[in-house]
Amino acid sequence: MLLQVENVYKSYSKSCGIIKKEKLQVLKGVSFKLHRSECLGIIGESGSGKSTLGRLIIGVEKPDNGNIFINNTNINSSRGKSIKKDVSVVFQDYFSSVNPRFKIIDIISEPIRVYEKLSKKDTTLKIINLLERVGLSKKFLSRYPHELSGGQLQRVCIARAIATKPKFIVLDEAISSLDVSIQVQILDLLKELKNDIDISYIFITHDLTAVTYICDRVIFFHDGNIVEQVDNIEDLKNVKNDYSKNLLQAATQMNVREAIYENQRVS
Amino acid sequence: MTRKLLRNKVVLVTTSIILITILIGAFAHQIAPNDPNEASIINKYSRSSDEFPLGTDHLGRCILSRLIYGIRPTVFLSLFTMLCTIALGTLIGVISGYSIGIVDEVIMRICDIMLSFPSQVMILAVVGMLGVGINNVIFASIMIKWAWYARMIRSMVIKYNNKNYILYSKTIGTSRSFIITRHMIPNIISEVIVLATLDMGWVIISISTLSFLGLGVQAPTAEWGAMLSEAKNVLSTNPSQMLAPGLAILIIVSAFNLLGDGLRDVLDPREV
Ligand SMILES: Nc1ncnc2c1ncn2[C@@H]1O[C@H](COP(=O)(O)OP(=O)(O)O)[C@@H](O)[C@H]1O
Ligand SMILES: [Mg+2]
């Protein structure tokens, strides 16, 4: 099993006044699995705890309760460091995802430096290779992030994410801040990468259209709980839970949008 | 970065003014035409001449020499005060920003207390308690200001620690030293430098003010604020006495403020 999330709880303490603290339960017993080479969609309204779940999976925060296993290693155990290579992440806010003082070449060389001892020349070659993979040319190497468009910067983030050859990538609303036409391009890039290299995605979003476009399986997330799982994307229309139905209904225009997607892809 | 610094005219001019001032202060012995403390009653209030380029004061001392020697207490002590304040503020701010819970809470409440007093009143109170003298003025200034920097740096540490690029670094297991030296420090330093430069003007004026009031640098040591104070006694008969020390303070304080503004532009990575 690539990733196994077992009964995970997480709460934040919210201070009201100086001394009084209130607990805000964000995740209430979440369990699911991720297999090799699949794209798992996690969909839910904003504030439902999706990003929190993402932060637990990438190991920057610890669950209050429950365990997360990657390749059967508990990520919060002493051996948890060794699986850091297998995980990567792409955030929604691409501008704060990169250090504004770094050039593109420095941004992508950070993960390479952690796991490979390459000479300067080999590192640069590898970075050019990665940039080409995500559809950027080497003229971007010495540019600063503010000199790139949103779509280009998100491609840099994806290049950086695959630089360590991770087993899976957490994509937290990775396309949500982009224009619709750029969203399609990025989704196509992600699909292409998934075919080329053996990689899984956890695709966190509030947008059902994107889920139908790229995901193999879908989890409906509501208020810190998983309310429904769809194991075959074709069955998406047969959801039973009320919340999932509402979400689905809200996205009935998705067919219209999907048509737009297709058009833009062709053009 | 250096190229960007050199291209910005404001930064270039103000840094030159400050550097030249500092150099003149450092080589005061060689540059000053006269002994700053040598009084000669016959020569008092003399106009500018070859011997006294800016004339003399009420005791017949060379004003130019006093200005030059005055750089040491005025500018050097202000710089020293600023450095100590930043060092203390950074240390406490970083500790507070990285520790969660009780330590952070206690430090922040102490900062709140320090910040709840008006700063000039606090300095007067501390000087009143410890006694008159420049050492106490510096000590008081540091005590007043460190809390402000500690709070600032704490919020920066927390802000940058939650930036997505640091979350990414933590995800893939980048070493802590890389995160701190390449991500945290450059960002925090460039913000602190701007604030500190803008604050230098405040410190210079503060030290000069206290010397003007007779609480800081003591006579006969030359200091710009103290020179102003002596000049004000003869304001009605010899108003031109105010000119030299007043202008000197004006120029150096403006230079630091403009430099702060210029640095803000240069150090912003988005600025092309
Ligand atoms: N670090 C935090 N401290 C306190 N509350 C938080 C923190 N992170 C998230 N929350 C709260 O947790 C809830 C879920 O947030 P999030 O996981 O970002 O939701 P989503 O990504 O689904 O929009 C929100 O109500 C948010 O206010
Ligand atoms: Mg979110």
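Brief remarks follow.
- Flagged links, alpha-carbon separation over 19 Å, of A:84/B:170; A:28/A:62; A:85/A:126; A:85/A:167; A:85/A:138; A:167/B:170: A:85/A:138
- Probe 1.4 Å, all protein chains present, accessible-area order of A:132, A:45, B:105, largest first: A:132, A:45, B:105
- Between B:88, B:220, B:204, the Cα set farthest toward the positive side of the dipole of chain B (charges on each charged residue's Cβ, about the Cα centre) is that of B:88.
- Efficiency of FRET from Cβ geometry, residue B:162 and residue B:16, R₀ 51 Å, rounded to 0.05: 0.80
- In the protein assembly as shown, the DSSP-assigned H stretches of four residues or longer account for a calculated mean residue ellipticity at 222 nm of -16500 deg cm²/dmol, using -39500 (n - 2.57) per stretch and the full residue count as denominator.
- If R0 equals 60 Å, the separation of the Cβ atoms of residue A:14 and residue B:27 corresponds to a calculated FRET efficiency of about 0.50.
- Region A:3-266 - charge dipole about Cα centre, Lys and Arg +1 at Cβ, Asp and Glu -1, debye rounded to 20: 1220 debye
- Most positive-pole-ward Cα, A:170, A:210, A:146, against dipole of chain A from beta carbon charges: A:146
- For residue A:64, residues with placed amide H under 5 Å, excluding near neighbours: A:9, A:10, A:11
- Basic side chains Lys and Arg get +1 at the Cβ, acidic Asp and Glu get -1 at the Cβ, and with that the dipole of chain B about its Cα centre reaches some 900 debye.
- Simple point charges give the picture: +1 on the Cβ of Lys and Arg, -1 on the Cβ of Asp and Glu, and for the protein assembly as shown a dipole about the Cα centre of about 1000 debye.
- Listed values for region B:45-52 are Karplus-derived 3J(HN,Hα) couplings in whole Hz (6.51 cos²θ - 1.76 cosθ + 1.60, θ = phi - 60°), namely 6, 6, 6, 5, 9, 4, 6, 10, and x replaces Gly and Pro.
- Rounded to the nearest 100, the interface formed by chains A and B buries 2300 square angstrom of accessible surface, both chains summed, with a 1.4 Å probe.
- Mean partner shielding of peptide A:97-108, defined as the number of other chain Cβ atoms within 10 Å of each residue Cβ, is 4.
- Straight Cα distances below 12 angstrom link residue A:191 to the aspartates and glutamates A:38, A:216, with same-chain residues fewer than 8 positions distant left out.
- Neighbourhood charge, 12 Å Cβ-Cβ cut-off, centred on residue B:89 and excluding it, Lys, Arg +1 and Asp, Glu -1: +2
- Among A:89, A:41, A:69 the positive-end extreme of the charge dipole of region A:1-116 (Cβ point charges): A:69
- Here residue B:129 sits with roughly 150 square angstrom of accessible surface, probe radius 1.4 Å.
- Estimated from the Cβ-Cβ distance and a Förster radius of 25 angstrom, the FRET efficiency linking residue A:225 and residue A:129 is about 0.05.
- Charge tally for residue B:110 (other residues, Cβ to Cβ under 13 Å; Lys, Arg +1; Asp, Glu -1): 0.
- Judged by the ratio a/c of the largest to the smallest principal axis of the C-alpha gyration tensor, the protein assembly as shown counts as prolate, that ratio being 1.5 or greater while a/b is larger than b/c.
- Debye log10 I(q)/I(0) at q = 0.15, 0.17, 0.19 Å⁻¹ for region B:70-267, Cα point scatterers: -0.95, -1.12, -1.28
- Counting only heavy atoms of the protein chains and using a 1.4 Å probe, residue B:58 has close to 60 Å² of accessible surface.
- Computed Kirkwood radius, in angstrom, where 1/r is averaged over Cα pairs of chain A: 19.6 Å
The values are calculated or read from the model by the stated rules, or taken from the named source; none is laboratory data. Fair warning: this is a prediction, and the values are worked out from it, not measured in the lab. Backbone-built Cβ (ideal geometry, glycine too); neighbour counts: all protein chains shown. With ligands, DNA and RNA removed, areas are computed over all heavy atoms of the protein, side chains included. Shrake-Rupley method; radii C 1.70, N 1.55, O 1.52, S 1.80 Å.
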